[in-house]
Structures are given as C-alpha cells and as structure tokens.
Amino acid sequence: MNALLLSPELFRHEGGIARIMRLYLKALCEIAGPDGHVDSVVLNDQPGPEPRLARYATDRLGEHVGCDRSKLRFIRHTLRLARRADTLVCAHLHQLPIAWLAGKLNPRLKYHLVAHGIEVWRPYRGLERRALLGAHRILCVSEYTRRQMLRFCPELQAERLIVLPNALDPHFAPELNDQVSKAPFALPRILTVGRLSGADTYKGFDTLIEAMPLVRRDYPTARLRIVGKGDDQPRLTALAARLGVTGSVDFLGPIDDESLRAEYAACDLFALPSRKEGFGLVYLEAMTYGKPCIGARAGGVPEVINDSVGQLVEYGNLADLAAAVSDLVRHPRDSEVVRRHAESFAFPTFQRRLAAILD
C-alpha cells in the first residue's frame, strides 16, 4: 500500500483530531508493507524536524510536509504526492474536496474520510457533497456520527460508512511511577480536560462549575480541577467567583503529559458533560487509570460510557450532574472493570480494523 495522509494538524496543538490522526499515521506506517510507503501533508504544522514524529512513524514514512497554514502549499503538495499513492486518508471534511481532485488526477487513487463529530453534523455544501459521494469509505468514530451523515446526505451509500472508534494512544499508557497526590480530606476530586474556547462552550465546563454549589452541599471539600487554556477562561473564572466556589475550582492551564498523568492518577472521577462530543478520547485516558467518567447523554458519548464505567447525565441539568458525582462517590465503579473497558479501544485493535477496511 502506498498511502497519503492529509491532516489539519498533528503536532501544532493538542486537539482531539490531531491526537487521533497521529495514530492513523502510526497505523498506516505499520500496515504499509515492506514495499509500501506513507506520505503525510499537514496544513497547520510548521515545516522542518518534529521530535515527536518518531513515536508515530516507521521507516515506511516517505515525505512529511508541514505547510505552516498555507492552503496553497497544502494543495500543491497534496496533488504532487497523490500521484504516487493508491490510498488517501483525509482527516477533515474541509480537506475532502482536495482529495476528490487528487482522485480525478489519479484514477487509481481511493480516498477515505475520517468523520470525527460536529464538523460533519450539518448540511453539506455542493463541493463537499460531491467529494463525499466519491469517497471509497467514510470512517465514522461513532454510530451517532454515521447516522448524522446519512441524515444530512441520504444519497450516500450506507455500506460505505463504517464505524471505526478512536483508539488510545499507546504512548499515553499509565506509567509505573505515576504518583497519587491528594489534598487531605478533599473528596471528591473531579477532573476535566479540554480547550477552554468560546467557540466550544458546548463542552460543559460552565455547567461543571455551576454544579459545584450542589456538589458541595454533600461534599464541602470537593474540588474541580480544570486542565486546559483558551479565550473562555476569564468568563469561567468570573462564573466561579459569582457562585462563590473560587476556592473549590482550580484552573491548571495547559500542562505536560507527565503532569496530566499525575492528575488522572490523583482524581476520584473524570467529568466532561459535553453536548456535541463525537467520541471523547479524554474519557478513555481517564479510564486507563481506572477512573469512572461522567458524560452527557448526547452525541457519541453513550457509545463510550456505560453504567459499569460511569454515569450519563442530561446536558445542562445541574441536579443530574451533582447526583452523578454523589453516586460515583457512594458507589465506586470497579477500577479493573473500568480499565478493561478502556482496553477494548486499544491501538492494536484499531490498527487491525483499519487494515481490514483499507484492504
């Protein structure tokens, strides 16, 4: 197999799409075969050496091109490298028309789309629709995403849309030296992780803060730990102050992987009550530490969280959210059951399924 991977970014920022597309790069390199190669073109990443690339590539990697946000450069390199490819995997619907054009210039090329979530839960423009109809396969991270795509483009052939759940990054596995450090009598310690962006208010960070007064009625020493940064942080900080819970909400900002592992190890439960989550890799990361998770009963989250590993709540329902926290404290989930559930999304399983789909 000679493959070309198109991505918005892989290393410039730590978004969910970047993280899963690094695993696509790793999987493609490992299934390319001794005579195959994999090229990669990334819109937003900077050109030049990237130290983390070695984790996700093998000697099957050919060219890896960072376009530093230049769309013209991205198109030019894509069309050039697509001439020597027979398989193209596209990470975002916005880039799919370029894959469609590459397919017109190289009739041997089969192109595939990875459909993550909200970017495909909407009506499609003319060229997007044409490119979707030409895709050999559409790899949906959840059944919910698959249903949404068929809803907005019913002329798609249903058998071309295949559910391929996201996988855990094997490089993020818990380490033996992960330390659990808790403040005395702080129970429960609630962790949430994500980008604090005004464009992503659906993530539910505000509802977590709004639920803290209710949580503290039963657990006065409860703490909410928020990992991430973004332009919405001033609003969230002001919200905590207005509700009188500033002393119970910790804004940790962006932290490195080692510190994030320590937060997962130390928390009692993980919560991200998002309304539009296509999948939610952060739930799996928390589960690898045996931590139960709270998510909203929306999007693809119910395909990741069940009663044995956590609780689902109605989005925006503060009483429901506080009750879920109380239930997980009073009736802890079996940490081994939680870990085994996370292991069902392990990278080797993902790689085997991707190889079968592309074969």
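Would you pick out the residues in the range 1-28 that are among the hydrophobic types (A, V, I, L, M, F, W, C), in contact (Cβ under 8 Å) with a residue 12 or more places away in the chain and closer than 24 Å to PHE279 by Cα? I'd like the intermediate steps shown before the answer.
Kept after step one, since they are among the hydrophobic types (A, V, I, L, M, F, W, C), are these residues of the range 1-28: 1, 3-6, 10-11, 17-18, 20-21, 23, 25, 27-28.
Adding the requirement that they be in contact (Cβ under 8 Å) with a residue 12 or more places away in the chain leaves 1, 3-6, 10-11, 17, 20-21, 23, 25, 27-28.
Once the filter is applied, which keeps residues that are among the hydrophobic types (A, V, I, L, M, F, W, C), in contact (Cβ under 8 Å) with a residue 12 or more places away in the chain and closer than 24 Å to PHE279 by Cα, the range 1-28 yields LEU5, LEU6, LEU10, PHE11, ILE17, ILE20, MET21, LEU23, LEU25, ALA27, LEU28.
How many residues are closer than 19 Å to THR87 by Cα, outside any loop (DSSP other than H, G, I, E, B) and touching a strand residue (DSSP E or B) at 6+ places or on another chain (Cβ under 6 Å) when one looks only at the range 38-73?
10
Among the residues of the range 306-314, is there at least one that is assigned by TED's automatic domain parsing to the domain that holds ARG339, in contact (Cβ under 8 Å) with a residue 60 or more places away in the chain and crowded, with 23+ Cβ neighbours inside 10 Å?
no
Give the residues of the range 312-339 that are basic (Lys, Arg) and more than 18 Å from VAL301 (Cβ to Cβ), sorted by residue number.
Within the range 312-339, the first condition is being basic (Lys, Arg), and the residues that meet it are 330, 333, 339.
ARG330, ARG339, listed by residue number.
Going by the structure shown, is ARG84 basic (Lys, Arg) and in contact (Cβ under 8 Å) with a residue 60 or more places away in the chain? Spell out the reasoning first.
Numbers: basic (Lys, Arg): yes; in contact (Cβ under 8 Å) with a residue 60 or more places away in the chain: yes.
Answer is yes for this residue.
Could you look through the range 37-58, keep only residues that are of a type in the set (A, V, I, L, M, F, W, C) and touching a residue at least 12 places away in the same chain (Cβ under 8 Å), and pick out the one that is farthest from ARG19 (Cα to Cα)?
Step one: of the range 37-58, the residues of a type in the set (A, V, I, L, M, F, W, C) are 38, 41-43, 53-54, 57.
Filter once more, keeping what is touching a residue at least 12 places away in the same chain (Cβ under 8 Å): 38, 41-43, 53, 57.
Values: VAL38: 18, VAL41: 15, VAL42: 13, LEU43: 15, LEU53: 12, ALA57: 14 Å.
The selected residue is VAL38.
Would the range 8-25 turn up any residue that is hydroxyl-bearing (Ser, Thr, Tyr) and not in a helix (DSSP H, G or I)? Walk me through it before giving the result.
Looking only at the range 8-25, we keep the residues that are hydroxyl-bearing (Ser, Thr, Tyr), and these are 24.
Filter once more, keeping what is not in a helix (DSSP H, G or I): none.
For the range 8-25, residues hydroxyl-bearing (Ser, Thr, Tyr) and not in a helix (DSSP H, G or I): absent.
Has the range 16-26 got any residue that is surrounded by fewer than 21 Cβ atoms within 10 Å (Cβ to Cβ) and more than 22 Å from LEU281 (Cβ to Cβ)?
No, every residue in the range 16-26 fails to be surrounded by fewer than 21 Cβ atoms within 10 Å (Cβ to Cβ) and more than 22 Å from LEU281 (Cβ to Cβ).
Can you name the residue in the range 74-92 that is part of a helix (DSSP H, G or I) and among the aliphatic types (A, V, I, L, M) and, of all such residues, is surrounded by the most Cβ atoms within 10 Å (Cβ to Cβ)? Show your work before the answer.
We begin by selecting, within the range 74-92, every residue part of a helix (DSSP H, G or I); these are 74-82.
Filter once more, keeping what is among the aliphatic types (A, V, I, L, M): 75, 79, 81-82.
Details: ILE75: 18, LEU79: 15, LEU81: 22, ALA82: 24.
The selected residue is ALA82.
Mind counting the residues in the range 298-323 that are modelled with pLDDT of 95 or more, over 23 Å from VAL163 (Cβ atoms) and among the small types (Gly, Ala, Ser)?
3
Which of (1) modelled with pLDDT of 95 or more; (2) out of contact with any Pro (no Cβ under 9 Å at 6 or more places or on another chain); (3) not assigned by TED's automatic domain parsing to the domain that holds ALA211 is the odd one out, the single condition ASP359 does not satisfy?
(1)
If we scan the range 97-105, do we find a residue that is within 23 Å of the chain's Cα centre (by Cα), in contact (Cβ under 8 Å) with a residue 60 or more places away in the chain and assigned to a loop (DSSP other than H, G, I, E, B)?
no
The values are calculated or read from the model by the stated rules, or taken from the named source; none is laboratory data. Computed from a predicted structure; not experimentally measured. All Cβ positions, glycine included, derive from the backbone under ideal geometry; neighbour counts span all protein chains shown.
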